Amino acid sequence: MTTEPATINEVYRISNMILSKMLKNKFGSQYSVRLNSIIFFSNRLTILNSKYVEQVSIKSLKPMCFEELQQVQKFLLSKLNTILICTELDFYNEVREVKMCIL
């Protein structure tokens, strides 16, 4: 049985859904997260892009301390790379940094 690789749109949709669910399970339901679509698509469509820095918007219903933000950032980086390994197959490039925009 052969499977076709996921499209960039599918990878984006799946990544957002899984990241949000995992973040809520680990840190609580007060968080919501969304990948920046422009940067996500640009990273995958630009030839010879060696940066692979993703940007996420994170919203919290409660105040966050700096240490918690650092933990969330490390968690998102790790989980995003895991998701991309599984969904991008032949075209996977490691995300080196996650920039967070706090709403």
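The values are calculated or read from the model by the stated rules, or taken from the named source; none is laboratory data. Note that this is a predicted model, so its numbers are computed, not measured. Ligands, DNA and RNA are excluded from the accessible area calculation, which covers all protein heavy atoms including side chains. Shrake-Rupley method; radii C 1.70, N 1.55, O 1.52, S 1.80 Å.
Compare Ser15, Ser37, Ser60 in a GNM of the chain, Cα atoms joined below 10 Å, and give the one with the largest fluctuation.
Ser60
Treating the angle as unsigned and between 0 and 90°, give the value, to the nearest 10°, between the Cα long axis of helix 66-88 and the longest Cα principal axis of the chain.
20 degrees
Classify the stretch 50-103 as rounded, prolate or oblate from the Cα gyration tensor: take a ≥ b ≥ c as the square roots of its eigenvalues, call it rounded if a/c is under 1.5, otherwise prolate when a/b beats b/c and oblate if not.
prolate
Sorting Ser78, Ser20 by accessible area (1.4 Å probe), largest first, what list results? Walk me through the numbers before you get to the answer.
Working: Ser78 60, Ser20 25 Å².
Largest to smallest exposure gives the sequence Ser78, Ser20.
Share of the chain's accessible area from carbon and sulfur, percent, 1.4 Å? Mind dumping the intermediate values first?
Numbers: 3910 of 6940 Å².
About 56 percent, which is the carbon plus sulfur part of the accessible surface.
Residues of the stretch 9-103: accessible area per residue at 1.4 Å, in Å²? Write out the running numbers ahead of the final one.
Working: 6070 Å² over 95 residues.
Computed with neighbouring chains in place, this is 64 Å² per residue.
Would you list Lys24, Lys79 from the most to the least accessible area, probe 1.4 Å?
Greatest to least solvent exposure: Lys24, Lys79.
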